[in-house]
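Worksheet for the structure shown next.
The values are calculated or read from the model by the stated rules, or taken from the named source; none is laboratory data. Predicted model only: the values in this text are computed from it and were never measured. Reconstructed Cβ throughout: ideal geometry from the backbone, glycine too, with neighbour counts over all protein chains shown. For the accessible areas, the whole protein counts, side chains as well, though only heavy atoms, and no ligand, DNA or RNA atoms are used. Shrake-Rupley method; radii C 1.70, N 1.55, O 1.52, S 1.80 Å.
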Amino acid sequence: LSRFLPQLKSTCCRFKLNCTYLLLSSNRNSTILHRNIECSPSAEKEVRFASLYENFITEKEHDILVEEVDRSFRRSKYQYDHWDNAIIGYRETEKVNWNNSVCEAVINRLREATKNAVQDATMELIPSIHVLDLASDGFIKPHIDSTKFCGRVIAGLSLLSPSVMRLVHQTDTAKTIDIHLLSRSLYILVDEVRYHFTHEILPSPDSIFKNGLVEKDRRISIIARCKPTNLIA
């Protein structure tokens, strides 16, 4: 199967990834499905650096995670100004400790998936998990995360409503990748798309995927990151 994957990738990209192909299968019915990733023809080479795992967690795990996140934000209001003007309508926090064994198990799987995204024995994960809560009218503007704060892998678990993530090459804007982030899915951005593509979460009126409106509402992302190279001991 492995010798056919490059050909499969190229074929799917030429047809805007309207087909589904299996790159990797893991336990708990989690698979990488590229029917929910659409790229421009010029982004054929780069799209392989973006992965999507559907059904990464169960509905029960999802609901327990949301309950814990809600407790973390019970005294917080949504903010509409961000220190670098990248996010509108959000609440965020860093979590190291989780109060529920189910949450801890999910976070361990998330961290394992992040660690295994690349073959790099020197890579270390940031101990804290970033939790970002977007209001129904919230969105994330195009940006590239600073290399001062995280390294070559970013992985995000999507909770509550679906949304559309758009990746655009920072110099060649014809290279675009759209990812339909379903609830309970996990996306992973590595290397090329992490360093050279902006990423954004489209606002509700613009959340279009394959010509269909994605009804974005409140969205929570649970994000694991690896340390930037300069912070690895």
- request: Round to the nearest 0.05 the FRET efficiency obtained for Asn55 and Ala86 when R0 = 35 Å and r is the Cβ-Cβ distance.
  value: 0.75
query: So how much slack lies between Gln119 and Tyr78, counting 0.36 nm per residue of separation and subtracting their Cα-Cα distance, in nm?
result: 11.0 nm
query: For the range 93-233, what is the accessible area per residue in Å², given a 1.4 Å probe and the full set of protein chains?
result: 43
field: Mean-position separation - Cα centroids, the range 103-120 and the range 38-65, in angstrom
entry: 14
- line: Quick shape summary for the range 112-178, equivalent ellipsoid via Cα gyration tensor, semi-axes whole Å in descending order, reads 23, 19, 12
query: Going highest first, how would you order 101-114, 181-194 by mean Cβ packing within 10 Å?
result: 181-194, 101-114
Mean separation of Cα contacts under 8 Å, 6 or more apart, over the residue count of the range 80-205: relative contact order %: 28
query: At q = 0.10, 0.12, 0.19 Å⁻¹, what is the log10 ratio I(q)/I(0) for the range 78-233, with the Debye formula run over Cα points and no solvent?
result: -0.35, -0.51, -1.33
